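Engineer: Pasting a structure here, questions to come.
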Amino acid sequence: MTLEICAGSIDSAIAAAQGGAQRIELCSALADGGITPSAGLIRRAMAIGGIDVNVLIRPREGDFLYTPEEVEVMEHDVRLCASYGCNGVVIGALTPQGDVDVDACRRLVAAAGSMEVTFHRAFDLCRDPFDALETIISLGCTRILTSGQAPSALEGAEMLSRLVEKAAGRIIILAGGGVSPDNAGSIVRRCRVTELHASARTTVASSMAFRRADVAMGAPGSDEYSRKTTSPEIVAAILKSMAG
């Protein structure tokens, strides 16, 4: 059993390792679904040791229909990750019709070289999941991160089980979306998956003594003095649930 933690900060990456996770998906801006982290964050996460680092390659929030310029940006980021010795990258691109963008993904897979390649939850927005499955396998990807095209992995359990059956060992199905200590074991058993993806986050209060409560850096009314970060205790609890 493998647990991958979606880590949006260096604190979260360290907490994932402390909790016993085997791998992180390193990203930034989790509130926007995740985008490519900075070079500094990648380098520092690589220094943690004892945990594989896969880096999300996504140049912006929003849909997964990319311009040629955006694909070029993603290629550069993939090569940067390879030069840093990352374990893998996490990619995905779609056509306007909701199919896998084979040309864009082929370029990213080629840039990845010997690194692992995960196709991310763009899969959950594909028109035909089984056609997309075969296309992603043909591209040479290592795994697919998916909630079974449902709001959460638990709700998508039937589809996840069908994907595992159709994959027949040719690619890893990584179940993600709403994974918690309360449902991790159930998802593993119902979907017959060997890998789960979770954020395992909790809310942490700011240590700032001086505060301006009337000024928001994000959306009006947002709390600038708390943040969500991965908890090593929640990571450990998910692993225990998976094993049980």
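The values are calculated or read from the model by the stated rules, or taken from the named source; none is laboratory data. Quick caveat, the model's predicted, so the values are computed rather than measured. Heads up, the Cβs are rebuilt from the backbone with ideal geometry, glycines too, and the neighbour counts pull from every protein chain shown. Heavy atoms of the whole protein, side chains included, go into the accessibility calculation; ligands, DNA and RNA do not. Shrake-Rupley method; radii C 1.70, N 1.55, O 1.52, S 1.80 Å.
Engineer: When only Cα pairs under 8 Å and 6 or more residues apart are kept, what is the percent relative contact order across the range 16-174?
Structural biologist: 15 percent
Engineer: Still on this structure, I have one more. Looking at the chain, do any whole DSSP H helices span at least 20 angstrom along their long axis by alpha carbon and average -1.0 or above on Kyte-Doolittle, and which?
Structural biologist: 68-84
Engineer: Taking the Cα centre of the chain as origin and charging only Cβ (+1 Lys, Arg; -1 Asp, Glu), how large is the dipole, in debye to the nearest 20?
Structural biologist: 700 debye
Engineer: Over 13 Å apart: what share of the alpha carbon pairs of the range 33-73 falls there, rounded to a whole percent?
Structural biologist: Counting every Cα pair in the range 33-73, those more than 13 Å apart make up 60 percent.
Engineer: To continue, here is another question. Can you give me the % of accessible surface on the chain that is carbon or sulfur? Probe 1.4 Å, all protein chains present, nothing else counted.
Structural biologist: Within the chain, the accessible surface is 51 percent carbon and sulfur.
Engineer: Skip the ligands, DNA and RNA, and give the accessible area per residue of the range 46-133 with a 1.4 Å probe, whole Å².
Structural biologist: In whole numbers, the range 46-133 has 43 Å² accessible per residue.
Engineer: Express the relative contact order of the range 129-244 as a whole percentage, based on alpha carbon pairs under 8 Å and six or more residues apart in sequence.
Structural biologist: Relative contact order comes out at 23 percent.
Engineer: Across the chain, where is the longest run that never hits trypsin sites (Lys or Arg not before Pro) in a DSSP loop with at most 16 other C-beta atoms within 10 Å? Please list the in-between numbers first.
Structural biologist: Details: sites that count: Arg60, Arg127, Arg170, Arg192, Arg211, Arg212.
Result for the longest clean stretch: 61-126.
Engineer: From zero up to wherever the largest Cα-Cα distance of the chain sits, split into 10 Å bins and tell me the percent of pairs in each.
Structural biologist: Values per bin, smallest distances first: 8, 32, 36, 20, 4, 0.
Engineer: Here's a follow-up. Got a sec? Charge dipole of the chain, +1 on Cβ for Lys and Arg, -1 for Asp and Glu; which of Thr118, Leu196, Gly148 is way out at the positive end?
Structural biologist: Checking the options against the dipole of the chain, the answer is Leu196.
Engineer: Non-local amide H neighbours of Asp101 (under 5 Å, H modeled in plane, Pro and chain starts lacking H): which ones?
Structural biologist: Ala93, Leu94, Thr95
Engineer: With no solvent and one point per C-alpha, what does the Debye sum give as log10 I(q)/I(0) for the range 9-111 at q = 0.17 Å⁻¹?
Structural biologist: After summing over all Cα pairs, the log10 values are -0.76.
Engineer: What percentage of all Cα-Cα pairs in the range 45-182 are separated by more than 23 Å? Working shown, then result.
Structural biologist: Values: 3099 of 9453 pairs.
In whole percent, the share of Cα-Cα pairs in the range 45-182 beyond 23 Å is 33.
Engineer: Which longest uninterrupted range of the chain lacks any GluC sites (Glu not before Pro) assigned by DSSP to a loop state (not H, G, I, E or B) and surrounded by at most 16 other Cβ atoms within 10 Å?
Structural biologist: Between exposed loop sites, the widest span is 62-154.
Engineer: How about the chain: what cysteines have no other cysteine beta carbon under 4.7 Å from their own?
Structural biologist: Singleton cysteines: Cys6, Cys27, Cys105, Cys126, Cys141, Cys191.
Engineer: List the residues, sorted by chain then number, that are 5 or more residues from Arg58 or on another chain and whose placed amide H is less than 5 Å from its amide H.
Structural biologist: Hits under the 5 Å cutoff: Thr36.
Engineer: Viscosity 0.890 mPa s, temperature 25 °C: Stokes-Einstein D of the range 71-145 from its Kirkwood Cα radius, in µm² per second?
Structural biologist: 201 µm²/s
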